[in-house]
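The values are calculated or read from the model by the stated rules, or taken from the named source; none is laboratory data. These numbers were taken from a predicted model, which means no experiment stands behind them. Cβ sites come from the backbone with ideal geometry, for glycine too, and all protein chains shown count toward neighbours.
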Amino acid sequence: MGDDDYPRFSESELDRRRKAVLDVLAAHGLDGVLVFGANRAGSAIQWLSEWPVTREASLVITPDARDAMWVQFYNHLPNAQRLARRCDVAWDGPSTSAAAGTELARRGARRIGLVGPLSWKAHAALSGRFEIVGLDAEYTRLRLVKSDEELSWMRRGAELSDRGIEAVRDGVRPGMAETELGAICEAAYLGTGATNQIHYFGLTSMAHPTQCVPSQWPSNRTAAAGDVLTCEISASWWGHSGQVLRSMTIETEPTRLYTELHEVADAAFDRICAVLQDGARPEAAIAASSVIEDAGFTIYDDLVHGYGGGYFPPILGTASRMNESVPDMQFRSGMTVVVQPNVITTDERAGVQTGGLVLINDDGVEQLQRAPRGLWQA
């Protein structure tokens with residue numbers, strides 16, 4: 001905790017991040033950068049200032065002046081001024097991007113970088129005043145390999161995510177609706193200061209399945225003995241989330257089909273983790289997943305994706321479900337990725353979830369999710 005009772009990164013960690021951004025500006029010949037976030041999206045604002053974006057925020061960084069930030073709504077200003085570090089925080093009218101543009105012009109900027117989901121209207125207004133270079137890809141690159149401090153926060157997010165999914169396992173009962181599961185999940189970690197990133201649930205009958213992947217919005221369907229529940233849960237520790245995926249049967253043993261689906265998913269998880277290490281390429285992870293197609297199954301969810309401050313590359317499918325081009329990159333020590341083989345039947349009626357967040361090391365992976373693996377029985 002910091003001296004104001006909020007979790008804080010060290011000054012040296014914030015120095016590292018700002019220097020990385022300034023190096024990007026120098027490499028692109030830019031006078032400054034506008035970092036934007038809105039509606040709780042835009043992780044770069046929090047990464048650089050420690051302010052978790054609420055309604056809207058714009059951050060201006062130039063090499064030779066103090067950073068400046070503008071936030072919406074006006075009643076969010078006191079908390080932003082308390083939380084944000086190493087920048088002046090203000091409210092200057094209804095448009096934070098306009099205020100940021102005025103400040104960049106005052107500082108003599110002509111060519112600027114842009115990070116974040118700026119609206120087309122705001123972009124059009126700024127492009128009339130500056131030459132704009134998109135830096136989202138550069139920001140993503142800066143976030144792929146985590147520092148030691150970031151990893152300590154990721155471990156905390158993973159621990160809290162495990163609490164959430166274990167609470168669901170211990171609390172789900174026949175007659176309980178999917179909408180009630182979120183309350184059980186969040187109650188396990190909200191008291192720590194963590195917040196919900198996601199909790200996705202999917203209830204279906206094992207005898208007559210109709211859902212192969214969890215839903216992003218819970219339904220009013222109620223659990224019954226003989227159901228299977230698939231889950232994907234991420235608790236966020238100040239922008240640093242774990243991610244844990246598990247499947248559980250409700251008051252019954254799994255059917256033969258679900259046993260086989262989960263055995264294949266476990267095998268795929270183990271084979272993928274066995275090839276992940278510093279220098280490995282995404283193609284190796286895809287090849288390791290061939291056990292899924294060999295068993296006559298496929299997947300619906302992504303197989304592997306980068307995670308921690310965003311949904312990062314590589315985002316991979318399998319031979320039978322490729323919906324992204326395979327990026328020309330290598331896994332690096334210090335990257336955190338989610339391995340999540342969502343093995344399903346080819347008619348897309350039955351499926352399981354397993355896996356979680358792992359840390360890539362020089363010669364393998366460390367599993368950051370400690371919730372027991374396997375097909376659980378609730």
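Would you call E50 crowded, with 18+ Cβ neighbours inside 10 Å and under 27 Å from N196 (Cβ atoms)? Walk me through how you get there before you give the answer.
Working: crowded, with 18+ Cβ neighbours inside 10 Å: yes; under 27 Å from N196 (Cβ atoms): yes.
The answer is yes for E50.
Okay, residues lined up against (1) outside the structural domain of T140 (by TED's automatic domain parsing); (2) aliphatic (A, V, I, L, M); (3) modelled with pLDDT of 95 or more; (4) more than 14 Å from E138 (Cα to Cα):
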site	(1), (2), (3), (4)
L22	no, yes, yes, no
V33	no, yes, yes, no
A41	no, yes, no, yes
T62	no, no, yes, yes
D67	no, no, yes, yes
A100	no, yes, yes, yes
A105	no, yes, yes, yes
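Run down D23, D15, D88 and say which single residue is surrounded by fewer than 16 Cβ atoms within 10 Å (Cβ to Cβ), acidic (D, E) and in a strand (DSSP E or B). Break it down stepwise before answering.
On the way: D23 fails: in a strand (DSSP E or B); D15 fails: in a strand (DSSP E or B).
Step by step, each of D23, D15, D88 is checked, and only D88 is surrounded by fewer than 16 Cβ atoms within 10 Å (Cβ to Cβ), acidic (D, E) and in a strand (DSSP E or B).
Condition first: part of a loop (DSSP other than H, G, I, E, B) and over 26 Å from M248 (Cβ atoms). Now tell me which residues in region 277-307 satisfy that. I'd like the intermediate steps shown before the answer.
Step one: of region 277-307, the residues part of a loop (DSSP other than H, G, I, E, B) are 277-281, 289, 295-297, 300-303.
Q277, D278, G279, A280, R281, listed by residue number.
What pairs come out if I take residues in region 239-253 that are closer than 20 Å to Y307 by Cβ and touching a residue at least 40 places away in the same chain (Cβ under 8 Å) and pair them with residues that are in a loop (DSSP other than H, G, I, E, B) and small (G, A, S) whose C-beta lies under 8 Å away, six or more apart or interchain?
G239/G309; H240/G308; H240/G309; S241/G308; V244/A371; R246/A371
Can you tell me which residues in region 212-235 are surrounded by 21 or more Cβ atoms within 10 Å (Cβ to Cβ) and among the polar types (S, T, N, Q)?
Answer for region 212-235, where residues must be surrounded by 21 or more Cβ atoms within 10 Å (Cβ to Cβ) and among the polar types (S, T, N, Q): T230, S234.
Take I165 and tell me if it is assigned to a strand (DSSP E or B) and either within 20 Å of R370 (Cβ to Cβ) or among the hydroxyl-bearing types (S, T, Y) (or both).
No; evaluated as a whole, the condition is false for this residue.
Out of the residues in region 26-82 that are assigned to a strand (DSSP E or B) and in contact with a Cys (Cβ under 8 Å, 6 or more places away or on another chain), which is nearest to V133 (Cα to Cα)? Full working, then the answer.
Our first condition is that a residue be assigned to a strand (DSSP E or B); within region 26-82, this holds for 32-38, 41, 56-61, 67-72.
Add one more test, that the residue is in contact with a Cys (Cβ under 8 Å, 6 or more places away or on another chain), and what stays is 59, 67-69.
Values: L59: 16, D67: 19, A68: 20, M69: 20 Å.
The extreme case among them is L59.
Among the residues of region 250-276, which ones are assigned to a loop (DSSP other than H, G, I, E, B) and either of a type outside the set (S, T, Y) or touching a Leu at 6+ places or on another chain (Cβ under 6 Å) (or both)?
Our first condition is that a residue be assigned to a loop (DSSP other than H, G, I, E, B); within region 250-276, this holds for 250-255, 276.
Answer for region 250-276, where residues must be assigned to a loop (DSSP other than H, G, I, E, B) and either of a type outside the set (S, T, Y) or touching a Leu at 6+ places or on another chain (Cβ under 6 Å) (or both): I250, E251, E253, P254, L276.
Looking at region 49-80 only, could you name the residues that are out of contact with any helix residue (DSSP H, G or I) (no Cβ under 7 Å at 6 or more places or on another chain) and of a type in the set (S, T, Y)?
Residues satisfying the conditions are S49, T62, Y74.
Please verify whether L142 is part of a helix (DSSP H, G or I), of a type outside the set (G, A, S), within 29 Å of S241 (Cβ to Cβ) and in contact with a Cys (Cβ under 9 Å, 6 or more places away or on another chain), treating the condition exactly as stated.
Details: part of a helix (DSSP H, G or I): yes; of a type outside the set (G, A, S): yes; within 29 Å of S241 (Cβ to Cβ): yes; in contact with a Cys (Cβ under 9 Å, 6 or more places away or on another chain): no.
Answer is no for this residue.
From the list L276, L316, L303, which one is assigned by TED's automatic domain parsing to the domain that holds L357, free of Cβ contacts under 8 Å to residues at least 40 places away in the same chain, buried (at least 19 other Cβ atoms within 10 Å of the Cβ) and under 20 Å from V145 (Cβ atoms)? Before the answer, list the steps.
Numbers: L276 fails: free of Cβ contacts under 8 Å to residues at least 40 places away in the same chain; L303 fails: under 20 Å from V145 (Cβ atoms).
So the residue among L276, L316, L303 that is assigned by TED's automatic domain parsing to the domain that holds L357, free of Cβ contacts under 8 Å to residues at least 40 places away in the same chain, buried (at least 19 other Cβ atoms within 10 Å of the Cβ) and under 20 Å from V145 (Cβ atoms) is L316.
Which residues, counting only those in region 79-117, are without any contact (Cβ under 8 Å) to a residue 12 or more places away in the chain and either touching a His at 6+ places or on another chain (Cβ under 8 Å) or within 17 Å of I45 (Cα to Cα) (or both)? Write out each step before concluding.
Taking region 79-117 as the starting set, the residues that turn out to be without any contact (Cβ under 8 Å) to a residue 12 or more places away in the chain are 79, 81, 93, 102, 106.
The answer is N79, Q81.
Quick one: is E232 in a loop (DSSP other than H, G, I, E, B) and either charged (D, E, K, R) or within 17 Å of A167 (Cβ to Cβ) (or both)? Spell out how you get there, then give the answer.
On the way: in a loop (DSSP other than H, G, I, E, B): no; either charged (D, E, K, R) or within 17 Å of A167 (Cβ to Cβ) (or both): yes.
Against the criterion (in a loop (DSSP other than H, G, I, E, B) and either charged (D, E, K, R) or within 17 Å of A167 (Cβ to Cβ) (or both)), E232 does not qualify.
Check region 233-247 and report whether any residue there is more than 17 Å from I360 (Cα to Cα) and touching a Pro at 6+ places or on another chain (Cβ under 7 Å). Give the derivation first.
Going through region 233-247, the residues more than 17 Å from I360 (Cα to Cα) turn out to be 233-239, 245-247.
Filter once more, so that each one left must be touching a Pro at 6+ places or on another chain (Cβ under 7 Å): 238-239.
The answer is yes, given that some residue of region 233-247 is more than 17 Å from I360 (Cα to Cα) and touching a Pro at 6+ places or on another chain (Cβ under 7 Å).
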